[in-house]
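The values are calculated or read from the model by the stated rules, or taken from the named source; none is laboratory data. Being a predicted model, the structure only gives us computed values, none of them experimental. Cβ: placed from backbone, ideal geometry, glycine included. Neighbour counts: every protein chain shown. Remember, those area values only see protein heavy atoms, side chains included, never the ligands or the DNA or RNA. Shrake-Rupley method; radii C 1.70, N 1.55, O 1.52, S 1.80 Å.
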Number of protein chains: 2
Amino acid sequence: MYTCSKERMQDKISTMSKYGDAGHGGITRYSLSEAAIQAREEFIKRMKSCGAEIKTDDVANVYATIKGSDPSLPGIVMASHVDSVKNGGNYDGILGVISAMEVIETITKEKIPHKHNITAMIWTNEEGSLYPPAMMCSGIVCYDYLPEEIRKNFRYEDMMRSVSVLDGSSTFQEALEKSGYKGEKSNRLNPKDYKAMFELHIEQGPILEAEGKDIGVVTCVLGMVNYRIKITGQADHAGTTPMKYRKDALFAAAKVLIGLHEKLDRLDPDLVYTTGEIVCHPNVHTVIPDYVEFSLDARHEDPKVIRQVVEIIENIPSEVEKCSVSAQTAWTRDTVYYDKKLVDYVQESVDELGYSNRKINSGAGHDAQFASYMLPTTMIFVPSKDGHSHCEEEFTPVEQCTKGASVLLNTVLKCDKED
Amino acid sequence: MYTCSKERMQDKISTMSKYGDAGHGGITRYSLSEAAIQAREEFIKRMKSCGAEIKTDDVANVYATIKGSDPSLPGIVMASHVDSVKNGGNYDGILGVISAMEVIETITKEKIPHKHNITAMIWTNEEGSLYPPAMMCSGIVCYDYLPEEIRKNFRYEDMMRSVSVLDGSSTFQEALEKSGYKGEKSNRLNPKDYKAMFELHIEQGPILEAEGKDIGVVTCVLGMVNYRIKITGQADHAGTTPMKYRKDALFAAAKVLIGLHEKLDRLDPDLVYTTGEIVCHPNVHTVIPDYVEFSLDARHEDPKVIRQVVEIIENIPSEVEKCSVSAQTAWTRDTVYYDKKLVDYVQESVDELGYSNRKINSGAGHDAQFASYMLPTTMIFVPSKDGHSHCEEEFTPVEQCTKGASVLLNTVLKCDKED
């Protein structure tokens, strides 16, 4: 078994954390921003020093490839992203890129023989924090392979017109042109030139840490449903409307929300569901709210459980506290199972390395999820301290990061043994 | 008894509704906007044709005065506002100005003798919709007479720096300078030159209509407390955090909100309380909310009931669903009783005119409330259809508007009979 270098991993984690350093432990590194360009330059510099050939595609995804002994074979790609949310941490996304770099470095330094080309890749704009939506460029690249319901959110022309949330006017296309990273469409990841894709990522949840496991062998991306629950009441003056005449949409919404919790809590304990967003109109302290809308996001591997969720939501009472209530599906996704053979390679690698591990599913979306519609794909998780992500507190000890990279390395090498 | 003219009232209502006409039944007429200036010009034109003398003070309040037989006596003022909220209606504020105009016109046309000067007045920026806060210019003019806790919100310098909610940069002071209505500070309403102020207003609630009454004889402005309820949880990923590890601030907030309703509903049935505003962070459908804050506004005439409210709020459990909960007073106001003698004049006028009526309190804030700290003041209410206000559906039949104006006229004349 080969293993990666803790010192090199630490060096890369420390170096990358400077690009977009927000000054208090975390980073803000929007896609194609100056900070993100610095991270890309660091990636390219280090990959070139390993003899990698650098390409970019038409949406600025970067591919650093070391040749295998038979370059006619389709390549193996390891990919993640260098962009972050606002005030994000030093692990989400970037750790997958760092691990891919480390695999390339280890193979090069230790002259590990391999038949296939091996590529470390950066996906552009995974977070979509500056130019929505999230997973924009894997959505574009995998477009033809995505289910229609997902695909419709990633039309190339729409993506190019995505407007900066900061200034409300500059577009993703402008950022792309300005970046210097726009290349040929023909360089895009595709199932003819590549045989497999791997993504190492932090878990973004507390399970591995709570169970004392070093590695999560990811098997699937959870199926999910996404609803908007809409409550309509009547806006009236807070000081002049007796209680008995009121139709308070926020009061009704609170009752609906708690009613949903009570029912959903009786379903399978592995179900996760979230009411994360609420909109209240007019949202003025002296006016009774006439309209409230909240989101409901529910995820489970088993479609039977998801169907139970749907049944509960579709049976919400249509009137609560004199307000009308309705539920509208925003979108749904079936559980996406990662490639069984690749998952087995990950499991074998972890076992052979002797790292503690468990099978785990991915509740979050990743570029790997879109890639899996196009070519054999899987993921490797490492623990997230306290389960935190998308915040400056993100942390994974370097020992576990290195174990993750070692699992990635051995998995890639197992994959390389195939014809 | 004198009565006002329904035809003239209708004409003024129709004319004023053109200024800021939003094209679908209501108006948007921000203070000192072009539409508000047009309404002021209409006011001045009609008042000048009655022989009124026009003055403005340093915050663009407009005073149209017809001389009494003894101009050395302090004057009687009838005032309200011509500005509206966004997509407001044709009655809130403007009906008080129209009624004051109608009183002046009736006195002039019918040559009704009066000793005191009688003034129709426009308060600038009552709604504070473009330049917060509401009741800005009565706050400025009555500043020295306001309780410290209220006064601190109306410092002249702060008001001048109030920034447009539309462009985020232009200030109230700039709007004031530009309006052409900035006059002398010495022209301000004051208790030496004026003996009483009256404000006719729509009820903005459903009570008069529900009870079939034409006129509300207002006795007081309800005492109130205003709290911010704050709930702190932990932001985590919606897809990766098992339910048992969550600290969901929105779920906790819904429980706190309903718990408050349950307790407050057991207090006096005349208590009105509202949770009108909610803020949720980060308010993203894929993230468990870590912070939610909502407003609680409670109003009642009796301070004992308000104290019961405070006791309930201050005894909110400090932890709900693993989230921490706290309550913070935003501001409070004791019940403000209007001038007893003036209230009696209103009651006598209504009774003599034979209009159906009831005593009523004002749950909403009005410029009259601030004026009442400075000089004898009271209000007259007319019904609001379905209790609606601050919306395009605002409506009061012209018959009731005219009855209101007639009550105002006779009340002013009763007041005029004093020395």
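Average accessible surface for chain A: 38 Å² per residue, computed with a 1.4 Å probe over protein heavy atoms with every protein chain in place.
Taking a ≥ b ≥ c as the square roots of the eigenvalues of the Cα gyration tensor, an a/c ratio of 1.5 or more together with a/b larger than b/c marks the range A:223-333 as prolate. Only protein atoms count toward the accessible area here, which uses a 1.4 Å probe; on chain B, the carbon and sulfur part of that area reaches 48 percent. The long axis of helix B:340-353 is offset from the longest Cα principal axis of chain B by roughly 70 degrees. Find the lysine pairs in the range B:223-333 meeting two conditions, Cα atoms under 20 Å apart and a separation of 8 or more places or different chains, and report how many there are. So the count of such lysine pairs works out to 11.
Annotation: amide H-H contacts under 5 Å for A:I380 (H modelled 1.01 Å from N, sequence separation of 5 or more, or interchain): A:E199, A:L200, A:H201. Looking down the axis that turns chain A into chain B, the chain A residue with its beta carbon nearest that axis, and the gap rounded to whole angstrom, comes out as A:A254, 2.
Modelled this way, with points 7 Å down the Cα-to-C-beta line, the labels at B:Y156 and A:T15 are 6.4 nm from one another. Shown is the FRET efficiency for B:R228 and A:E148, computed with R0 = 35 Å from the Cβ-Cβ distance and rounded to the nearest 0.05: 0.15. Note on A:D11: accessible area is roughly 70 Å² with a 1.4 Å probe, heavy atoms of protein only. In chain A, helices alone account for a calculated mean residue ellipticity at 222 nm of -9500 deg cm²/dmol, with every DSSP H run of four or more residues adding -39,500 (n - 2.57). With an a/c value of 1.5 or above and a/b larger than b/c for the gyration tensor axes a ≥ b ≥ c computed over the alpha-carbon atoms, the range A:263-419 is described as prolate. Applying a DSSP loop filter and a limit of 14 other Cβ atoms within 10 Å to the trypsin sites (Lys or Arg not before Pro) in the range B:1-107 leaves B:K18, B:K67. With label points defined 7 Å past Cα in the direction of Cβ, position B:E418 shows copy-to-copy spacings of 9.5 nm, given to one decimal and shortest first.
Of all beta bridges that DSSP places with both ends in chain B, some 70 percent have antiparallel geometry.
For B:I76, nonlocal amide neighbours, meaning residues 5 or more places apart or on other chains whose placed amide H falls under 5 Å from its own, are B:N117, B:I118, B:T119, B:K195. Which of the residue pairs A:K111/A:K192; B:K111/B:K192; B:K115/B:K195; B:K45/B:K109; B:K6/B:K109; A:K6/A:K195 have a Cα-Cα distance greater than 18 Å in the structure shown? With Cα atoms farther than 18 Å apart: A:K111/A:K192; B:K111/B:K192; A:K6/A:K195. Taking amide hydrogens as placed 1.01 Å from N in the peptide plane, the amide H of A:G183 sits under 5 Å from those of A:D57, A:D58, A:V59, A:A60, each at least 5 positions away in sequence or on another chain. For the range A:94-172, the set of GluC sites (Glu not before Pro) satisfying both a DSSP loop assignment and a count of at most 15 other C-beta atoms within 10 Å is given as A:E110.
Calculated on the Cα set of chain A, radius of gyration then Dmax: 23.2, 81 Å. Between the alpha-carbon centres of the range B:160-212 and the range A:331-402 there is a gap of 61 Å. Under the combined filter of DSSP loop state and at most 10 neighbouring Cβ atoms within 10 Å, the range B:176-218 retains these GluC sites (Glu not before Pro): B:E184.
In terms of accessible area, using a 1.4 Å probe and ignoring ligands and nucleic acids, A:T171, B:T274 rank largest first as A:T171, B:T274.
Treating only the Cβ atoms of Lys and Arg (+1) and Asp and Glu (-1) as charged, compute the dipole magnitude of chain A about its Cα centre; round to the nearest 20 debye. Using Cβ point charges on Lys, Arg, Asp and Glu, chain A gives about 380 debye. In nanometers and ordered shortest first, the copy-to-copy spacing of the A:E393 label point, defined 7 Å from Cα toward Cβ, is 4.5. Positive-end ranking of B:M224, B:T240, B:L250 along the dipole of the range B:208-256, with charges on Cβ about the Cα centre, is headed by B:T240.
In this assembly of identical copies, the label point of B:W331 (Cα plus 7 Å along Cα-to-Cβ) is separated from its counterparts by 4.4 nm, sorted shortest first.
Along its three principal directions, the equivalent ellipsoid of the protein assembly as shown from the Cα gyration tensor extends over semi-axes of 68, 27, 21 Å, largest first. Solvent-accessible area lost on pairing A with B (1.4 Å probe, both sides summed) amounts to about 4300 Å².
Around the Cα centre of the range A:223-333, unit charges on the Cβ atoms of Lys, Arg, Asp and Glu (plus for the first two, minus for the last two) sum to a dipole of about 260 debye.
Within the assembled protein chains, the solvent-accessible surface assigned to A:I278 is about 20 Å², based on a 1.4 Å probe.
Backbone geometry of the range B:31-47 corresponds, through the Karplus equation with coefficients 6.51, -1.76 and 1.60 at θ = phi - 60°, to 3J(HN,Hα) couplings of 4, 6, 6, 4, 5, 5, 5, 4, 5, 5, 5, 4, 4, 5, 4, 5, 6 Hz, x marking Gly and Pro.
Applied to the range A:269-282, the Karplus parametrisation 6.51 cos²θ - 1.76 cosθ + 1.60 on θ = phi - 60° returns per-residue 3J(HN,Hα) values of x, 7, 5, 10, 9, 9, 10, x, 10, 9, 10, 10, 10, x Hz, with x for Gly and Pro. In this view, the solvent-accessible surface of B:V225, computed with a 1.4 Å probe and all protein chains in place, comes to about 10 Å².
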